[in-house]
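See below for the structure under consideration.
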Amino acid sequence: MSVETLKGQIPAYAKDIKLNLSSLASDETLTPQQHWGTFLASALATGNADVIAAIEAEASQHLSAEALEASKAAAAIMAMNNIYYRFVHIAKNKEYQTLPAKLRMNIIGKPGVDKVDFELWSLAVSAINGCGMCIDAHEAELRKAGMTSSDIQAAVRIAATVNAVAAVIAGENAMAPSVAQAA
C-alpha cells in the first residue's frame with residue numbers, strides 16, 4: 001500500500017481531500033523526517049487500518065528505524081496525554097490543574113530523534129485529538145526551537161488531511177455492506 005493506493009480509495013465527492021493528500025505528499029516545507037513522521041503519527045492517531053498501512057509503507061521508505069519508532073511513540077503518548085490534558089483544561093473544577101498528572105511520559109524527554117521533530121508530531125496528533133492545552137504547549141516549544149508558522153501549519157495541514165482521508169475511507173467502508181445489500 002501507499003499514498004497512491006489511498007488516493008485511489010477516495011471517491012469523487014471527496015476530490016478536495018484527494019487533491020490535498022496529493023499536494024501534501026510532495027510538499028517540501030518540512031524536512032523529510034518531519035514530513036513523513038507527521039504523516040505516520042497522524043495516520044496512527046486516526047486509528048484507520050487502511051490509512052495506517054498505506055502511510056506506514058510510504059513513511060518507512062523515508063524514515064530511519066528510530067524515526068519510525070519515535071513517530072509511533074508520539075501517537076501513543078499523545079493518545080493518553082490528549083485525553084488527560086483535555087479533561088484538565090475543560091473541567092470546571094480548576095483544582096485538577098494543580099495536581100500532578102502521575103502518568104509516565106518519559107518518551108517526551110528522550111524520544112530518540114530530534115526533540116523538535118517529536119514535538120511537531122505530537123502537535124499534529126494533538127490537533128487530530130482536539131486537545132487545546134497540548135496544542136498550545138507543543139506549538140510554544142516549536143516556536144522556541146525556531147520553527148515558523150508556515151512549518152507548524154504544514155504539520156497541521158498534514159494532520160487535517162490524513163484525518164479527513166481516514167474519515168472518508170471509514171465512511172465508505174461502513175456503507176459498503178449496505179450498498180451490497182441494496183444491489
TODO: Could you check ILE52 against (1) surrounded by fewer than 17 Cβ atoms within 10 Å (Cβ to Cβ); (2) closer than 21 Å to LEU123 by Cβ and say which number it fails?
DONE: (1)
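Considering only the stretch 13-36, state which residues are among the acidic types (Asp, Glu) and over 12 Å from ALA155 (Cβ atoms). Step through it out loud before you land on a result.
The initial filter retains those residues of the stretch 13-36 that are among the acidic types (Asp, Glu), namely 16, 27-28.
Selection gives ASP16, GLU28.
For the stretch 20-30, what are the residues that are hydroxyl-bearing (Ser, Thr, Tyr) and either surrounded by 19 or more Cβ atoms within 10 Å (Cβ to Cβ) or in contact (Cβ under 8 Å) with a residue 40 or more places away in the chain (or both)? Can you show your working first?
Just the residues of the stretch 20-30 that are hydroxyl-bearing (Ser, Thr, Tyr), to begin with: 22-23, 26, 29.
The answer is THR29, and nothing else.
Can you name every one of the helices (runs of 4 or more DSSP H) wholly within the stretch 67-183 that holds 3 or more residues which are modelled with pLDDT under 95?
Working: elements: 106-109, 115-129, 132-144, 149-182.
Hits in the stretch 67-183: 106-109, 149-182.
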TODO: Mind listing whichever residues of the stretch 31-49 are crowded, with 23+ Cβ neighbours inside 10 Å and more than 13 Å from PHE118 (Cα to Cα)?
DONE: ALA43, LEU44, ALA45, THR46
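The values are calculated or read from the model by the stated rules, or taken from the named source; none is laboratory data. What you are looking at is a predicted structure, and each value in this text was computed from that prediction instead of being measured. No Cβ is skipped: glycine too gets one built from the backbone with ideal geometry, and neighbour counts run over all protein chains shown.
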